[in-house]
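Each reported figure results from applying straightforward, stated rules to the coordinates on display, with no laboratory input. Everything numeric in this text was worked out from a predicted model, so none of it was measured. Here the Cβ positions follow ideal geometry from the backbone for every residue, glycine too, while neighbour counts run over all protein chains shown.
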Amino acid sequence: LAKSFRKNSFQGKKVLITSGPTYEAIDPVRFIGNHSSGKMGMALAEAFYLHGADVVVISGPSNITPAFDDIQVLHVTSAQEMYNTVHAHFNETDIAVLAAAVADYKPATVADQKIKKSEVLFNLELTRTKDILASLGEIKNQEQLLVGFALETNNAFQNAVAKLENKNADLIVLNSTQDTGAGFGIDTNKVTIFDRDGNQYPSAVKSKKEIAEFIVEIVHNKYCAKPD
Ligand code: CTP
Ligand code: CA
């Protein structure tokens, strides 16, 4: 039976959250990025903090700052820096929530100087970044809870469950653009959370703050069900 969910539910627990986009350099003045604002990650950080957790946010470039000084924010730029910083902290982490919109590809080489324009057609060679969530799925221990996100436009449920299993996460939070009110840059959201036992937990369309509270409550139930 799940323990009751209270303000001090995560007392003494260390929560690591990735948040925001990553920027992948092309040359000294350009990068490949995305529209992630970092709002969801920071709302999650605040919700965990308000339930008593020690929270560290590993954030890509974002203007969002935490509402509480005790939330530690470590700033990174690229997917590789996010990977390195996450791995430097994962040992001491009880719960990791990977909410960042990590670039899947980066330029194969970064030009030392600004690239000059020439031909009409310009090809940029890209190479895969490391998958941070999958890398944690490979090394996590029995006590650590690993939570991923999935952003999908089609076959949302199928794709989300595949990510849950392929990356060996305990929970995956599906953010579907098929649902109304979900997406980048706006303040409302709708999610469905999947666990490894085939359960689905759908939220209503709510503010990001309320969605964060919903996610934190599901995480709490799952964490309490783990062996001590
Ligand atoms: N993720 C990660 N490192 C990456 C890519 C993704 O940690 N290099 C994490 C995200 O933070 C998220 C989850 O993996 O928690 C799923 O991200 P998403 O982009 O939805 O899925 P991908 O596995 O990258 O697959 P695709 O973009 O092709 O759908
Ligand atoms: Ca991706």
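Using the Cα centre of the chain as the reference point, and only Cβ charges (+1 on K/R, -1 on D/E), how large is the resulting charge dipole? Debye, rounded to the nearest 20.
On the way: 23 positive and 27 negative charges, 49 e Å.
Magnitude of the dipole: close to 240 debye.
Between Leu171, Leu145, Leu121, where does the largest GNM mean-square fluctuation fall for the chain, given springs only between Cα atoms within less than 10 Å?
Highest fluctuation among the options: Leu121.
Quick check on region 86-181: take the gyration tensor over C-alpha atoms, sort the square-rooted eigenvalues as a ≥ b ≥ c, and tell me if it's rounded (a/c under 1.5), prolate or oblate.
Numbers: a/c = 2.97, a/b = 1.55, b/c = 1.92.
Oblate, because a/c is 1.5 or more while a/b does not exceed b/c.
Please order Ser118, Ser176 by the number of other Cβ within 10 Å, starting at the fewest. Each step should come with its number before you reach the end.
Values: Ser118 7, Ser176 19.
Taking fewest neighbouring Cβ atoms as first place, the list is Ser118, Ser176.
Which of the GluC sites (Glu not before Pro) across region 22-113 are loop residues per DSSP, with 16 or fewer other Cβ within 10 Å?
Working: sites: Glu24, Glu46, Glu81, Glu92; in loops: Glu92.
Those satisfying the criteria are Glu92.
In a Gaussian network model over the chain where Cα atoms closer than 10 Å are linked, find which of Tyr49, Tyr83, Tyr201 has the largest mean-square fluctuation.
Maximum among the listed residues: Tyr201.
Rank Thr129, Thr65, Thr93 by mean-square fluctuation in a GNM of the chain with C-alpha springs under 10 angstrom and give only the top-ranked residue.
Highest fluctuation among the options: Thr65.
Just need the relative contact order of the chain here, percent rounded to a whole number, with Cα pairs under 8 Å and 6+ apart. Display every interim value, and only then the final one.
Working: 483 pairs, mean separation 45.8, N = 228.
RCO, the chain: 20 percent.
Could you give each residue of region 204-221 its phi-based ³J(HN,Hα) in whole Hz, using Karplus coefficients 6.51, -1.76, 1.60 with θ = phi - 60°, and x for Gly or Pro?
Taking θ as phi minus 60°, the curve returns 7, 6, 9, 5, 4, 5, 5, 5, 4, 4, 4, 4, 5, 5, 5, 4, 4, 4 Hz for region 204-221.
Past 31 Å, Cα to Cα: identify those pairs from Lys106/Lys208; Lys39/Lys116; Lys116/Lys208; Lys130/Lys222; Lys13/Lys206, in the order given. It would help to have the intermediate numbers written out before the result.
Working: Lys106/Lys208 29 Å; Lys39/Lys116 35 Å; Lys116/Lys208 42 Å; Lys130/Lys222 27 Å; Lys13/Lys206 27 Å.
Over 31 Å apart, Cα to Cα: Lys39/Lys116; Lys116/Lys208.
Any idea what the relative contact order of region 56-108 is, in percent, if you count C-alpha pairs under 8 Å spaced at least 6 apart?
Numbers: 35 pairs, mean separation 18.3, N = 53.
Contact order relative to length: 35 percent.
Among Leu74, Leu174, which comes first, then next, by fewest other beta-carbon atoms within 10 Å? The partial results should precede the final answer.
Numbers: Leu74 16, Leu174 26.
Starting with the residue having the fewest Cβ neighbours, the order is Leu74, Leu174.
Rounded to the nearest 500, what is the chain's calculated 222 nm mean residue ellipticity when only DSSP H runs of at least 4 contribute -39500 (n - 2.57) each, over all residues?
Working: 5 runs with 60 residues, N = 228.
The per-residue figure over the chain is -8000 deg cm²/dmol.
Could you check the spin-label model distance between Ala108 and Asn123? Points 7 Å from the Cα along Cα→Cβ, value in nm.
Between Ala108 and Asn123, the label points sit 0.8 nm apart.
Would you please give the FRET efficiency between Ala204 and Asp70, computed as 1/(1 + (r/R0)^6) with r the Cβ-Cβ distance and R0 = 25 Å, to the nearest 0.05? Working shown, then result.
Working: r = 30 Å, r/R0 = 1.20.
That gives a FRET efficiency of 0.25.
Taking trypsin sites (Lys or Arg not before Pro) as exposed when DSSP calls them loop (any state but H, G, I, E, B) and at most 11 other Cβ atoms lie within 10 Å, what is the longest stretch of the chain free of them, the sites themselves excluded?
Values: sites that count: Lys3, Arg6, Lys7, Lys114, Lys116, Lys117.
Result, exposed sites excluded: 118-228.
So for the chain: antiparallel DSSP bridges make up what percent, rounded to the nearest 5?
Details: 16 of 41 bridges.
The antiparallel fraction comes to roughly 40 percent.
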